[in-house]
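One structure is given here, and the rest of the page talks about it.
The values are calculated or read from the model by the stated rules, or taken from the named source; none is laboratory data. These figures come from a predicted structure and were not determined experimentally. Cβ coordinates were reconstructed from backbone atoms using ideal geometry, including for glycine residues, and neighbour counts include every protein chain displayed.
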Amino acid sequence: MTIIIFLSIFPIFIWSLMSPLGSRFSDINTITTSLGQISGLVGMVLFSVNIILAGRFKFLDKYFKGLDKVYVNHSKIGSIAFSLMLFHPLFLVIKYLIVSTREAALFFVPFINMPISWGILSLLIMIILISLTFYIKIKYNVWKISHKFMTLAFLFAILHTMLISSDVSRNNILRYYILILALFALFVILRKFLMEKFSINRFKYNIKNVKQLNKDILEIEMEPFGQMMTYLSGQFAFFSFLSSGVSSESHPFSISSSDVDTNLKITVKNLGDYTGTLINLKQGDNVIVDGPYGNFSYKNVTNKNQIWIAGGIGITPFYSMAQVLNEEYYIDFYYCVKEEGEAVYVKELQDIALKNPNFKFNLWSTKDKGFINGEIMSTESGGLADKDIFFCGPPILMNSLKEQFISLGININKIHYENFNF
C-alpha cells in the first residue's frame with residue numbers, strides 16, 4: 001500500500017508546485033475548484049492502479065502476500081477511485097452553480113463540450129457498473145461480462161484527462177505521469193484479453209476423473225496435456241473448463257493434490273449456479289489452468305510449530321499440505337464442520353496422523369461440540385504464543401477467529417489466512 005499511496009500523492013505534489021497554494025484556496029470558488037482538481041488527479045491515478053491490480057501479476061501476488069489480498073485491495077481502491085471521480089465534477093460545478101443553476105446544469109449536458117462529455121460518459125458507465133455490483137444480484141458470468149465495460153469507462157476517462165484544458169495539459173510532468181500509468185493499465189487489459197483468447201502463459205489439462213465425495217462436494221482430477229504446472233502445496237489457481245455442460249469463465253480454486261503429484265486435483269463444494277454444473281464435466285474435457293497463485297503455505301514461515309484451522313471446504317489447501325508434511329513440523333489441525341457427515345478426506349488425514357506423530361488431527365463437529373474458539377484451541381494445543389496460525393474457511397469464521405487471536409495477544413504477523421470472497 002505504501003507504493004500506491006506514493007503514486008497517489010505524487011501528482012498532488014506536482015500540482016501544488018504549479019501555483020501558490022494561497023491563490024488556490026483563497027475563496028469558495030478556488031477552494032472547490034482545487035478540491036475538484038485534486039480528486040480528479042488522484043481518482044485517475046487510482047483508476048489506473050486498480051486495473052493494474054486486476055492483472056494477476058505474480059509480483060503483486062508476492063508483494064501483497066497472496067492474490068486474495070490483491071483483490072481485497074482492488075475492491076477498496078476501486079471504491080475510493082469511484083468516489084473521487086464522482087466528487088471531481090461535483091466540486092467543479094459549484095463555481096457555475098454560484099452564477100446560475102442553468103450554467104451548472106449545462107455543465108453535465110453531454111456533447112456540448114466533448115472533453116467534458118468524455119468525463120461524463122465515463123462516470124455514467126461507472127455508476128451503472130457499480131450499481132450492478134453492489135445493488136443488483138446478477139449471475140457471476142453476467143457480472144463478469146458487464147464488468148468488461150469498465151474498459152470503455154477507462155478509455156473515456158483517459159480522453160477526458162488528456163484533451164481537457166487543465167493543469168494536466170499545462171504541465172508535462174503531470175501529463176506524462178498520468179499517461180504512463182494509463183498506458184500500463186491499457187497494457188494490462190490487452191494482456192488479459194490475449195491470455196483469455198489464446199491461452200498464453202497458461203497450462204492445459206484434461207479431465208481424468210470426477211468423483212463425488214459426498215452429496216455437496218466433488219473432487220476433480222486433471223492430467224497434464226503438455227507442460228505441468230509447478231506449484232507449492234497450499235496454493236490455488238484459476239480454472240476454465242472447456243466443456244459443453246459448464247460455463248468457460250475462469251474461477252479460482254485451491255489445489256487439493258500435493259505438489260509432488262503428477263495429476264492436479266481440486267475439491268469443490270456445490271454453492272449454486274456455476275459449481276453446481278461441474279458434475280457435468282466428462283473425462284477428456286479440456287481445462288485451462290492459470291496459476292499458481294497465493295502465499296498460503298506452511299513452508300513460507302520459519303516457525304515449525306503451527307496450528308491449522310479449516311472451515312468446511314477450506315480443507316482443500318490443508319489436505320494438499322498435509323500430504324507432503326514431514327516430521328520436522330509440529331502441527332495441530334482443527335477441521336471444523338457443522339456435522340461429521342460433511343467432512344471429506346477424514347480417513348486420509350487420520351492415516352497421515354498415524355504415520356506422523358507430530359501431526360495431530362482433530363475433527364471438530366459444531367453439532368457435537370459447539371463452535372470452536374481461540375481459547376479452546378489454546379487449551380487443546382498447550383498455548384498459542386509460540387505458534388503460527390493458518391486458517392481458511394467461510395469469511396464469518398475467519399473474521400471471528402482473527403479477532404479472537406488478536407484479542408488473545410497473538411502477533412498479527414503470525415496469523416495467516418486465505419480468503420476467496422473476492
- Task: Would you point out the residue of the stretch 142-162, among those that are at pLDDT 85 or above and hydroxyl-bearing (Ser, Thr, Tyr), that is surrounded by the most Cβ atoms within 10 Å (Cβ to Cβ)?
- Result: THR161
- Task: Could you look through the stretch 228-247, keep only residues that are out of contact with any Lys or Arg (no Cβ under 8 Å at 6 or more places or on another chain) and loosely packed, with under 14 Cβ neighbours inside 10 Å, and pick out the one that is modelled with the lowest pLDDT?
- Result: SER244
- LEU384 in contact (Cβ under 8 Å) with a residue 12 or more places away in the chain, surrounded by 12 or more Cβ atoms within 10 Å (Cβ to Cβ) and more than 15 Å from TRP308 (Cβ to Cβ): no
- Task: Please enumerate the residues belonging to the stretch 22-41 that are surrounded by fewer than 12 Cβ atoms within 10 Å (Cβ to Cβ) and either of a type in the set (Phe, Trp, Tyr) or in a helix (DSSP H, G or I) (or both).
- Result: GLY22, SER23, ILE28
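Yes/no matrix, rows are residues, columns are (1) touching a helix residue (DSSP H, G or I) at 6+ places or on another chain (Cβ under 6 Å); (2) free of Cβ contacts under 8 Å to residues at least 24 places away in the same chain; (3) not small (Gly, Ala, Ser):
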{"residue": "PHE333", "(1), (2), (3)": "no, no, yes"}
{"residue": "GLU339", "(1), (2), (3)": "yes, no, yes"}
{"residue": "ASP351", "(1), (2), (3)": "no, yes, yes"}
{"residue": "ASN356", "(1), (2), (3)": "no, no, yes"}
{"residue": "PHE361", "(1), (2), (3)": "yes, no, yes"}
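Looking at this structure, is ALA105 at pLDDT below 70 and assigned to a helix (DSSP H, G or I)?
Details: at pLDDT below 70: yes; assigned to a helix (DSSP H, G or I): yes.
Judged against the criteria, ALA105 is a match.
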- Within the stretch 262-301, track down each residue that is more than 26 Å from the chain's Cα centre (by Cα) and of a type in the set (S, T, N, Q). THR262, ASN263, ASN280, GLN283
- Message: Checking SER165 against (1) assigned to a loop (DSSP other than H, G, I, E, B); (2) modelled with pLDDT under 70; (3) over 29 Å from VAL246 (Cβ atoms), only one condition comes out false. Which one?
- Response: (2)
- Message: Which count do you get for residues in the stretch 306-341 that are within 24 Å of ASN399 (Cα to Cα) and surrounded by fewer than 18 Cβ atoms within 10 Å (Cβ to Cβ)?
- Response: 3
- Would you kindly identify the strands (runs of 3 or more DSSP E) lying entirely within the stretch 313-394 that contain at least 2 residues that are farther than 25 Å from GLU219 by Cβ and outside the structural domain of SER233 (by TED's automatic domain parsing)? 330-337, 388-392
- Query: Taking into account only those residues within the stretch 281-300 that are touching a helix residue (DSSP H, G or I) at 6+ places or on another chain (Cβ under 8 Å) and of a type in the set (S, T, N, Q), which is modelled with the lowest pLDDT?
  - Reply: ASN295
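Only one of VAL70, VAL49, VAL45 is within 25 Å of the chain's Cα centre (by Cα), closer than 27 Å to ILE94 by Cβ and assigned by TED's automatic domain parsing to the domain that holds ASN171; which? So that I can check it myself, show each step before the final result.
Values: VAL70 fails: closer than 27 Å to ILE94 by Cβ; VAL49 fails: closer than 27 Å to ILE94 by Cβ.
Matching residue, one of VAL70, VAL49, VAL45: VAL45.
Return the total of residues in the stretch 30-63 being aliphatic (A, V, I, L, M), out of contact with any His (no Cβ under 8 Å at 6 or more places or on another chain), farther than 15 Å from ILE3 by Cβ and in contact (Cβ under 8 Å) with a residue 12 or more places away in the chain. Break it down into steps so the answer makes sense when it comes.
Let us first name the residues in the stretch 30-63 that are aliphatic (A, V, I, L, M), namely 31, 35, 38, 41-42, 44-46, 49, 51-54, 60.
Next, from what is left, pick out any that are out of contact with any His (no Cβ under 8 Å at 6 or more places or on another chain): 31, 35, 38, 41-42, 44-46, 49, 51-52, 60.
Going one step further and asking which of them are farther than 15 Å from ILE3 by Cβ, we end up with 31, 35, 38, 41, 44, 51.
Those still in the list that are in contact (Cβ under 8 Å) with a residue 12 or more places away in the chain too: 35, 38, 41, 44, 51.
Residues flagged as aliphatic (A, V, I, L, M), out of contact with any His (no Cβ under 8 Å at 6 or more places or on another chain), farther than 15 Å from ILE3 by Cβ and in contact (Cβ under 8 Å) with a residue 12 or more places away in the chain within the stretch 30-63 amount to 5.
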- Item | Filter result (within 19 Å of PHE203 (Cβ to Cβ) and of a type in the set (A, V, I, L, M, F, W, C)) within the stretch 262-277 | LEU264, ILE266, VAL268
